[in-house]
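*Asks:* This is the structure I have questions about; it appears just below.
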Amino acid sequence: QVQLVESGGGLVQAGGSLRLSCAASGSIFSINAMGWYRQAPGNQRELVAVITTGGNTNYADSVKGRFTISRDDAKNTVYLQMNSLKPEDTDVYYCNADVRSGYDFQWRNYWGQGTQVTVSS
């Protein structure tokens, strides 16, 4: 079993910064892509940023130039540095990862439990 645990959410004023972390634990052989998604109540979950094992990144247009995704493979952790935050960035942010099990070597996709980010105007 693999778990993704997010941390770092909270309340911040517009223009401020937050750093989200997501650590994967459990029976892990390897991790491929890791990413961050966000979802507001009643809306579909949308991609914020994704990073591959090679370090290639992709961002939603709405966050380009403000957010930076990175990963530490030694710690099985992905980060999202969020700068110049806007009220419209308010959402629940979810971590996602493609993980190869150390138990049966099968690839599975996992989600974290979500962390709330609230940006006040």
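*Asks:* Determine ³J(HN,Hα), in whole Hz, for all residues of the stretch 48-65 in sequence, where each value follows from phi through the Karplus function 6.51 cos²θ - 1.76 cosθ + 1.60 and θ = phi - 60°; x replaces Gly and Pro.
*Replies:* 9, 6, 9, 9, 8, 5, x, x, 6, 10, 9, 10, 5, 4, 5, 10, 4, x
*Asks:* With θ set to phi - 60° and the Karplus curve 6.51 cos²θ - 1.76 cosθ + 1.60, what are the ³J(HN,Hα) couplings of the stretch 109-121 in order, to the nearest whole Hz, using x for Gly and Pro?
*Replies:* 9, 10, 10, x, 7, x, 9, 7, 10, 10, 10, 8, 8
*Asks:* Separate question: Counting alpha carbon pairs within less than 8 Å and at least 6 residues apart, what relative contact order, in whole percent, applies to the stretch 9-121?
*Replies:* Numbers: 260 pairs, mean separation 42.0, N = 113.
This gives 37 percent for the stretch 9-121.
*Asks:* Shifting gears a bit: Consider all pairwise Cα distances in the stretch 20-121 and report the whole-number % of them above 24 Å.
*Replies:* Numbers: 1147 of 5151 pairs.
That fraction is 22 percent.
*Asks:* Given labels modelled 7 Å from the Cα in the Cβ direction, how far is it in nm from Ser17 to Arg108?
*Replies:* Reported label-point gap for Ser17 and Arg108 is 3.7 nm.
*Asks:* Further question: Using a 1.4 angstrom probe with every protein chain in place, what is the largest-first accessible-area order of Arg100, Arg38, Arg71, Arg19?
*Replies:* Working: Arg100 80, Arg38 15, Arg71 45, Arg19 125 Å².
Output order, biggest surface exposure first: Arg19, Arg100, Arg71, Arg38.
*Asks:* Go through Thr68, Thr52, Thr115 and list them by solvent-accessible area, largest first, probe radius 1.4 Å. All intermediate terms of the calculation are to be shown ahead of the outcome.
*Replies:* On the way: Thr68 75, Thr52 45, Thr115 20 Å².
Putting Thr68, Thr52, Thr115 in descending order of accessible area: Thr68, Thr52, Thr115.
*Asks:* Amide H neighbours of Gly16 under 5 Å, at least 5 residues apart or on other chains, H built in the peptide plane: list them.
*Replies:* Amide H neighbours of Gly16: Leu85.
*Asks:* List every residue whose amide H lies under 5 Å from the amide H of Thr90, counting only residues 5 or more places away in sequence or on a different chain, with H placed 1.01 Å from N in the peptide plane.
*Replies:* Amide H to amide H, under 5 Å and 5 or more residues apart or across chains, Thr90 pairs with Val119.
*Asks:* Would you look at the GNM of the chain, springs on alpha carbons closer than 10 Å, and say which of Ala23, Ala74, Ala40 moves the most?
*Replies:* Greatest mean-square fluctuation among the candidates belongs to Ala74.
*Asks:* Measuring from a point 7 Å past the Cα of Asn32 along Cα-to-C-beta, which residues in the stretch 63-107 have an amide N at less than 12 Å?
*Replies:* The answer is 97-101, 106-107, whose backbone nitrogens lie closer than 12 Å to the label point.
*Asks:* In the chain, carbon and sulfur make up what percent of the accessible area (probe 1.4 Å)?
*Replies:* Working: 2890 of 6370 Å².
In the chain, the share of accessible area belonging to carbon and sulfur is 45 percent.
*Asks:* Output wanted: per-residue J couplings in Hz (rounded whole) for the stretch 31-41, from phi through Karplus 6.51 cos²θ - 1.76 cosθ + 1.60, θ = phi - 60°, x for Gly and Pro.
*Replies:* Working through the residues one at a time gives 10, 8, 5, 10, x, 10, 10, 9, 8, 9, x Hz.
*Asks:* Looking at Val92, Leu18, Ile28, which one has the Cα that reaches farthest to the positive end of the dipole of the stretch 1-114 (charges on Cβ: Lys, Arg +1; Asp, Glu -1)?
*Replies:* Value: Leu18.
*Asks:* Separate question: Please list, ordered by chain and number, the residues whose modelled amide H lies under 5 Å from the amide H of Asn58; skip anything fewer than 5 residues away on the same chain.
*Replies:* For Asn58, the qualifying residues are Val50.
*Asks:* In debye, nearest 20, what is the charge dipole magnitude of the chain about its Cα centre with +1 on Lys and Arg Cβ and -1 on Asp and Glu Cβ, if you could check? Numbers along the way, then the final one.
*Replies:* Numbers: 10 positive and 10 negative charges, 23 e Å.
That gives the chain a dipole magnitude of about 120 debye.
*Asks:* Okay, next question. Quick check: residue separation of Lys64 and Asn43 times 0.36 nm, minus the Cα distance between them. What number comes out in nm?
*Replies:* Working: separation 21, 0.36 × 21 = 7.56 nm, distance 2.10 nm.
5.5 nm is the gain from fully extending Lys64 to Asn43.
The values are calculated or read from the model by the stated rules, or taken from the named source; none is laboratory data. Here the structure is a predicted model, which is why all the values come from computation and not from measurement. In this analysis, Cβ positions are derived from the backbone assuming ideal geometry, glycine residues included, and neighbour counts consider all displayed protein chains. Keep in mind that these areas ignore ligands, DNA and RNA; they rest on the heavy atoms of the full protein, side chains included. Shrake-Rupley method; radii C 1.70, N 1.55, O 1.52, S 1.80 Å.
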